[in-house]
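Colleague: Below are the structure tokens for one structure; questions will follow.
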Amino acid sequence: MSSCISAIGTANPKNRIPQNDIYNFMVKASGLNASNASRLKRIYDHSGIDFRHSVIADFGETESHKNTFFGQSANFEPFPSTRQRMELYQNSASELGFEAVNDCFSNHGEDLRLKITHLISVSCTGMHAPGIDIELVEKLGLNKQVERTCINFMGCYGALNALKVADYICRADAEAKVLIVSVELCTLHFQKENTLDNWVANSLFSDGAAAIIVEHKSKVPNNKHSLILDTFYSEFLIEAKNEMGWYIADSGFEMKLSSKVSKLILKHIQSIANQLLSKAKIEFKNIGRFAVHPGGRKILESAETAFGFTKEKNKFSYDVLREYGNMSSATIVFVLKKLLMENNWESGENVMSFAFGPGLTVESMILKRS
């Protein structure tokens with residue numbers, strides 16, 4: 001018997017900032033002239049994003065003297081060091097994860113605090129030890145004997161790796177109940193140097209947390225919606241390893257995000273999907289819906305072009321991108337939550353899901369609605 005996702009919860013920081021307000025902040029922070037401001041505006045206007053969340057309220061301000069995290073001078077100096085950014089991560093990450101878990105337990109309909117056997121934490125935007133895994137055990141009142149696994153610095157596909165680990169655990173032990181918590185505070189790593197990589201990254205990334213319960217299918221009541229974890233397939237494109245990166249620097253983490261990423265996804269995703277379908281022993285015509293990581297509008301459009309499906313079949317990815325932006329590893333879980341809570345589809349319907357990250361890595365999976 002297989003394992004399944006039986007509940008998903010999500011949470012975001014209280015600062016919900018319109019995309020246009022963030023654009024105005026970026027123009028001021030980066031000291032852009034009229035020509036570059038116009039170029040940046042085109043990026044923001046075509047992002048497909050309406051709102052993003054951040055633990056930093058400054059992104060909603062255009063007057064630097066009101067900053068509470070970034071410097072209050074006209075050029076936003078002194079610019080926060082990596083240490084200052086990690087201190088904010090340490091003070092904020094586990095609390096946001098705690099909120100996501102509470103939402104998850106509420107959606108499950110049962111308080112599972114003392115039944116959780118395994119905890120998997122996922123993050124690429126900060127780390128410390130003792131980390132958010134131990135902090136969550138304390139905040140949630142989980143058993144001190146809970147087995148903990150930390151998946152760090154894997155980027156936007158980290159949650160799919162966590163689901164694979166949870167699947168392995170539940171297939172090996174039908175009594176296991178695995179809690180996955182992904183927490184990403186991407187906006188801590190705003191970089192104001194005027195490069196195209198920074199402009200694109202600053203236009204996309206946001207903060208959010210997601211929590212998932214994975215358990216053996218036999219433990220889920222027949223009248224409860226779930227997503228069966230059917231098949232996983234992973235492949236990385238070694239020739240594209242320099243097109244996306246995530247590096248620790250003196251002033252936070254620096255993103256490398258080449259414009260070639262969406263083109264590479266368009267070129268290779270079909271062959272990767274064929275490998276996934278072969279492993280799952282199903283045909284493409286049997287796929288009813290898609291859950292593509294909304295890393296950006298171009299990535300979603302590349303998947304549509306490659307497979308020839310309509311936006312409607314990938315609707316929830318567009319919804320998440322518009323409402324939240326790219327929250328790194330947590331983002332695909334927001335998409336899966338919308339799928340899990342959707343009522344208008346049949347039991348047994350197949351979902352094909354993808355997430356992308358440094359490597360260039362493509363993680364894929366087939367889920368079945370139960």
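Colleague: Say we look at the stretch 81-117 and pick out the residues that are acidic (Asp, Glu) and part of a helix (DSSP H, G or I); which of these is surrounded by the fewest Cβ atoms within 10 Å (Cβ to Cβ)?
Modeller: 87
Colleague: Moving to a separate point now. Please enumerate the residues belonging to the stretch 261-309 that are within 19 Å of residue 361 (Cβ to Cβ) and polar (S, T, N, Q).
Modeller: 262, 270, 271, 274, 275, 302
Colleague: Which numbered condition in (1) of a type outside the set (Asp, Glu); (2) under 21 Å from residue 333 (Cβ atoms); (3) modelled with pLDDT under 95; (4) not in a helix (DSSP H, G or I) is the only one that residue 75 fails?
Modeller: (2)
Colleague: Conditions: (1) buried (at least 21 other Cβ atoms within 10 Å of the Cβ); (2) modelled with pLDDT under 95; (3) outside any helix (DSSP H, G or I). Residue 184 meets all but one. Number of the miss?
Modeller: For residue 184, the failing item is (2).
Colleague: Filter the stretch 257-297 down to the residues that are of a type in the set (Lys, Arg) and not in a loop (DSSP other than H, G, I, E, B), then identify the one that is nearest to residue 338 (Cα to Cα).
Modeller: Here the residue is 289.
Colleague: Further, regarding this structure: So which residues in the stretch 137-177 are touching a residue at least 40 places away in the same chain (Cβ under 8 Å), outside any helix (DSSP H, G or I) and more than 24 Å from residue 227 (Cα to Cα)?
Modeller: 153
Colleague: So which residues in the stretch 239-255 are at pLDDT 85 or above and not in a loop (DSSP other than H, G, I, E, B), if there are any at all?
Modeller: Passing the criteria: 244, 245, 246, 247, 248, 249, 252, 253, 254, 255.
Colleague: Continuing with the same structure: Condition test on residue 340, is it under 30 Å from residue 106 (Cα atoms) and either among the hydroxyl-bearing types (Ser, Thr, Tyr) or touching a residue at least 12 places away in the same chain (Cβ under 8 Å) (or both)?
Modeller: Yes, satisfied.
Colleague: Let me ask you something else. Does residue 203 satisfy the criteria of being in contact with a Phe, Trp or Tyr (Cβ under 6 Å, 6 or more places away or on another chain), in contact (Cβ under 8 Å) with a residue 24 or more places away in the chain and either of a type in the set (A, V, I, L, M, F, W, C) or surrounded by 15 or more Cβ atoms within 10 Å (Cβ to Cβ) (or both)?
Modeller: yes
The values are calculated or read from the model by the stated rules, or taken from the named source; none is laboratory data. Bear in mind that the values here come from a model prediction, so they are computed numbers and not experimental data. Here the Cβ is made from the backbone with ideal geometry for all residues, glycine too, and neighbour counts use every protein chain on show.
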